[in-house]
Amino acid sequence: MTARMQTICVCTSLAMAFATASARANLLVDPGFENNPTTNYFTVLNNFPGFQGFWGVEAATINGVDGPVVPPEGVRMLRMVSDGLIATQAFQTTDVTSYAALIDSGGATAQVSALFNANVQAAAAGMSIRFFSSGSWASPISAVFGNLVLDSNPATWEPVLVAPPVPVGTRWMVTELIYNNASLQGHAGYVDAARLVIVPEPTTLGLLTLGGMAIMRRRGRKL
Ligand SMILES: [Ca+2]
Ligand SMILES: [Ca+2]
């Protein structure tokens with residue numbers, strides 16, 4: 001196989017992987033902060049079933065263009081500010097009972113990602129995925145965190161991605177968006193294009209998809 005053929009083959013595989021991945025349902029409601037109002041985080045975390053699909057926030061609003069920061073998808077984004085404590089957070093709960101067979105086989109991976117941006121030097125952004133055995137904050141199984149120190153360019157959006165295996169017995173998940181308050185230095189931190197997808201694991205397809213995301217991440221940093 002020539003180098004060109006190999007390149008075409010890899011690109012085709014990646015394209016197929018992305019096409020398949022994009023066909024998988026994003027389990028988050030209003031992942032781009034375009035349609036629904038936010039509510040209080042306390043309300044969401046105290047009633048998973050009743051407030052599934054709401055973004056529950058500590059100190060945040062849904063905004064359009066804000067100075068030099070432009071939403072990367074759609075016309076709105078989440079604008080998070082300090083809540084005066086350590087970190088400002090936003091949460092959404094998701095019922096994954098329909099994935100129970102796959103999850104309890106030990107063969108599920110959660111792919112969780114979002115784009116972050118701030119008009120300040122070295123803002124500390126992060127996200128987590130938390131696993132629960134029932135629709136209650138009182139039934140935690142585990143949590144996995146990812147974080148990234150952002151560049152100072154308000155024109156660039158940088159992804160945070162975590163892709164842990166889904167623990168057996170998981171029935172609910174909580175997706176969390178985070179900024180360290182002190183790192184914002186009185187400015188806002190922005191989020192858009194959040195994503196939560198459950199995929200079979202481990203598969204070649206999954207590895208290709210993650211490889212593709214890594215490529216996108218590197219390209220994003222060059223902007
Ligand atoms: Ca958006
Ligand atoms: Ca940036």
Checklist entry - Using the Karplus equation 6.51 cos²θ - 1.76 cosθ + 1.60 (θ = phi - 60°), what ³J(HN,Hα) coupling, rounded to whole Hz, does each residue of segment 76-85 give in order, writing x for Gly and Pro? => result 9, 7, 8, 10, 9, 10, 4, 9, x, 10
Next on the checklist: So for segment 49-150, averaging the separation of alpha carbon pairs under 8 Å that are six or more residues apart and normalising by length, what relative contact order in percent results?
Outcome noted: 23
Next on the checklist: If I take every Cα pair under 8 Å that is 6 or more residues apart in segment 25-222, average their sequence separation and divide by the length, what percent do I get for the relative contact order?
Outcome noted: 28
Checklist entry - Which ³J(HN,Hα) values in Hz, rounded to whole numbers, follow from the phi angles of segment 35-43 under the Karplus curve 6.51 cos²θ - 1.76 cosθ + 1.60, where θ = phi - 60° and Gly and Pro get x? => result 10, 10, x, 7, 9, 6, 4, 4, 4
Item to check | Per-residue HN-Hα couplings for segment 158-163 [Karplus 6.51, -1.76, 1.60; θ = phi - 60°; Hz; x = Gly/Pro] | outcome: 10, x, 10, 9, 10, 9
Checklist entry - So, in nm, how far is label Asn26 from label Thr61 when the simple model puts each one 7 Å beyond its Cα toward the Cβ? => result 2.4
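Read the figures in this text as sums done on the coordinates, not as results from a lab. No experiment lies behind these values; they were computed from the predicted model shown. Here the Cβ is made from the backbone with ideal geometry for all residues, glycine too, and neighbour counts use every protein chain on show.
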